[in-house]
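Right, one structure below, let's go through it.
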Amino acid sequence: MPEHTMSPLNTPSHAETLHRPFDLLVVGGGVNGCGIARDAAGRGARVLLVEKDDLAGHTSSASTKLIHGGLRYLEHYAFRLVRESLIERERLLAIAPHIIWPMRFVLPHSKLVRPAWMLRAGLFLYDHLCPNMTLPRTRRLNLRRNPVGAPLKDSFTLGFAYSDGWVQDSRLVVLNAMDAAARGATVLTRTRLVSATRGPQTWEAVLTDTETGETRTVTARAMVNAAGPWVAELLAERLHVPSRSAVRLIKGSHIVVPRLFDGQQAYILQNPDKRIVFVIPYETAFTLIGTTDVPYEQDPDHVEITAEETRYLCDSVNRYFDRQVSPDDVVWSYAGVRPLYDDHSGDASAVTRDYVLDLDTEAAPILSVFGGKITTFRKLAEHALEKLQPHVAALAGQPGWTDTQPLPGGAFARDEFKALVQRLQDQAPHLDTYTAWRLVRNYGTRAFTIATPDAQAMGERFGATLTAREVDYLLEHEWARSAEDVLWRRSRLGLSMPDEAAARLRSHIAGRLAGSSPAQPVSTRQGWDASSFRLEKKTRKSFATWLRRFPARFRDQTIANLFASRADRQAASSPDVKRQANESLQDQKTARTAHNSL
């Protein structure tokens with residue numbers, strides 16, 4: 001396996017790498033840290049990135065999964081932030097078309113919140129703040145005639161449709177780390193910065209492998225503090241550097257329920273408190289609902305949704321949709337803490353989503369990242385390196401480059417996606433359409449290194465279309481080390497994976513990490529409790545219970561694929577499955593009709 005994925009701190013391969021001084025030590029494996037590491041490595045700097053847990057282990061995997069300008073930020077006159085975000089949206093759609101794609105959002109007008117003229121004016125501005133916009137512009141909708149109004153209550157007659165982007169957030173983080181490593185960066189997960197001594201020209205940092213307890217000392221000419229919710233704690237308690245900026249922790253929680261409506265469109269709902277909630281098609285068979293904005297003062301390592309937040313999100317949906325949802329419908333929930341720059345706003349939802357880069361050059365340089373949002377991570381990284389350039393010789397005179405260079409697997413045009421799926425099926429005829437689509441959606445052109453012409457070469461099938469070959473790819477190339485990494489961050493297949501299959505997956509991973517295969521069986525509970533997966537006992541339903549909640553029209557070929565087993569290949573030729581596949585195609589045509597009407 002490549003050394004950047006599996007080697008602990010004190011193996012000979014890493015010992016030699018870590019012995020030489022680095023130009024930049026980046027602390028934090030979220031989207032900002034990985035974006036900075038990628039940009040700096042591409043400019044020729046020697047970069048070391050350390051993350052105490054898994055990549056995207058916290059905030060960066062707990063977002064609403066949107067690449068957007070932030071329509072509601074216009075109410076707070078954040079025009080520069082919205083413009084920058086919209087420009088970045090276009091760039092990210094181009095450099096990562098496999099994990100980021102356009103989505104239409106339906107905004108029903110509620111007479112109790114904002115007048116229609118205000119919504120139309122805001123959307124007009126939203127469309128025109130972005131130069132060279134490639135997405136469809138805003139349209140006014142008659143919700144009683146347009147198919148997208150069908151799921152909504154009859155009292156909502158007027159709406160608007162506008163464009164934004166959707167992202168697989170944790171995969172965005174991993175792809176940035178992969179590209180950083182490909183350009184020479186050293187990426188160490190499960191590695192904690194314990195302390196650091198600041199000299200006039202360099203930092204000397206003590207690192208600990210959180211799995212083995214081994215320690216190592218490294219030196220770097222500059223440090224980037226991209227620790228997210230721990231940015232202030234790192235400065236005060238481990239680096240003993242005074243901060244001129246403050247962080248404000250705001251918790252955002254989401255729930256996932258069985259799919260509420262047909263079509264590819266999402267909905268943006270206005271609440272009486274003037275906050276908004278998104279209702280978004282999620283992982284084919286589900287609907288994602290979020291988010292909340294709640295001040296948070298507890299341990300960022302242990303963030304959970306509350307019953308009050310769950311009720312709030314359900315009420316938001318029930319205010320607009322005919323089909324009602326309750327906490328009992330929730331199949332999964334997650335919560336994350338956003339480390340926002342403290343602008344002293346009295347309303348948690350009004351705290352700025354802009355970022356502040358605090359550069360301290362009293363001795364060896366340290367740049368701390370406060371705030372930001374996933375859409376602007378690439379631009380944030382550029383700004384960070386602009387600030388560091390005068391103080392890091394390896395960066396001097398090196399221009400930015402990340403605005404046009406695709407992320408791993410993303411070297412294809414947006415309109416080539418369907419052709420790529422077909423090419424993958426041509427290479428691996430045993431793949432059904434859904435599995436080929438999922439592989440291209442996750443890996444882009446790299447799906448061709450995973451899928452083999454021979455079905456047997458894909459190895460053990462764990463269910464939910466996951467095979468041993470894909471798992472081994474994630475272990476070898478994407479720093480995955482546990483079932484949680486695979487099922488909840490490299491993918492969201494945990495939503496569809498039965499417990500028995502998850503147990504086999506854990507056994508396989510344990511064997512690979514131990515250097516043997518097949519692995520000895522491990523406890524079905526090892527590493528799979530509610531705490532480590534951030535799954536609430538109240539929201540994690542048994543497989544059979546929540547499957548029964550699906551409308552009959554969703555038990556089609558797609559669902560069959562989600563819950564795949566070893567018998568899939570034999571079952572795929574049965575008359576029932578062929579009938580279901582035909583029904584699925586008809587459902588897709590109906591969904592496309594609704595989408596085209598936007």
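Of note:
- Extension gain from Asp154 to Ala363, taking 0.36 nm per residue of separation minus the Cα-Cα distance: 68.8 nm
- Other-chain or far-sequence residues with amide H under 5 Å of Phe160's (modelled H): Leu107, His109, Leu141
- For Arg338, the residues whose modelled amide H falls within less than 5 Å of its own, excluding neighbours fewer than 5 places apart on the same chain, are Ile250, Lys251, Gly252.
- For segment 62-104 and segment 176-193, distance of Cα centres in Å: 26 Å
- Pairs with C-alpha atoms separated by more than 28 Å, drawn from the list Lys52/Lys418; Lys251/Lys274; Lys251/Lys418; Lys274/Lys418, are Lys52/Lys418; Lys251/Lys418; Lys274/Lys418.
- Gain on full stretching of the segment that runs from Ala419 to Arg20 - 0.36 nm per residue minus C-alpha separation: 139.1 nm
- Convex hull volume per residue in cubic angstrom - Cα atoms of segment 28-139: 143 Å³
- The 3J(HN,Hα) values that the Karplus relation (6.51, -1.76, 1.60; θ = phi - 60°) gives for segment 312-328 are, in residue order, 4, 5, 5, 4, 4, 5, 5, 5, 10, 9, 4, 6, 8, 10, 9, x, 5 Hz. Gly and Pro appear as x.
- Length added when fully stretched, Arg469-Asp499, from 0.36 nm per residue minus Cα-Cα: 8.8 nm
- Spin-label model distance (nm) - Glu204 vs Glu386, 7 Å beyond Cα toward Cβ: 3.6 nm
- Residues listed by number, segment 363-379, amide nitrogen under 16 Å from Asn271 label point at 7 Å toward C-beta: none
- Those aspartates and glutamates that a straight Cα-Cα span of less than 19 Å connects to Lys153, excepting residues fewer than 8 apart in one chain: Asp262, Asp315, Asp322
- Estimated FRET transfer efficiency when R0 is 22 angstrom, pair Phe79-Met133 (beta carbons, to 0.05): 0.90
- Rounded to the nearest Hz, the phi-derived 3J(HN,Hα) couplings of segment 332-343 under the Karplus curve 6.51 cos²θ - 1.76 cosθ + 1.60 (θ = phi - 60°) are 7, 9, 8, 9, x, 10, 8, x, 8, 5, 7, 9, where x marks glycine and proline.
- Solvent-accessible surface (1.4 Å probe) assigned to Glu478 amounts to roughly 0 Å².
- For Arg319, residues with placed amide H under 5 Å, excluding near neighbours: none
- Reach of Lys65 by Cα under 17 Å, taken over aspartates and glutamates that are not fewer than 8 positions away in the same chain: Glu88, Glu90, Asp164, Asp169, Glu283, Asp293
- Using θ = phi - 60° in the Karplus curve 6.51 cos²θ - 1.76 cosθ + 1.60, the 3J(HN,Hα) couplings for segment 219-235 round to 10, 8, 6, 8, 10, 10, 9, 10, 7, x, x, 9, 4, 6, 5, 4, 4 Hz; x is entered for Gly and Pro.
The values are calculated or read from the model by the stated rules, or taken from the named source; none is laboratory data. Only a predicted model underlies this, so the values are computations on that prediction, with no experimental measurement involved. Note: ideal-geometry Cβ built from the backbone for every residue, glycine included; neighbour counts use all protein chains shown. Surface areas here come from the heavy atoms of the whole protein model, side chains and all, with no ligands, DNA or RNA. Shrake-Rupley method; radii C 1.70, N 1.55, O 1.52, S 1.80 Å.
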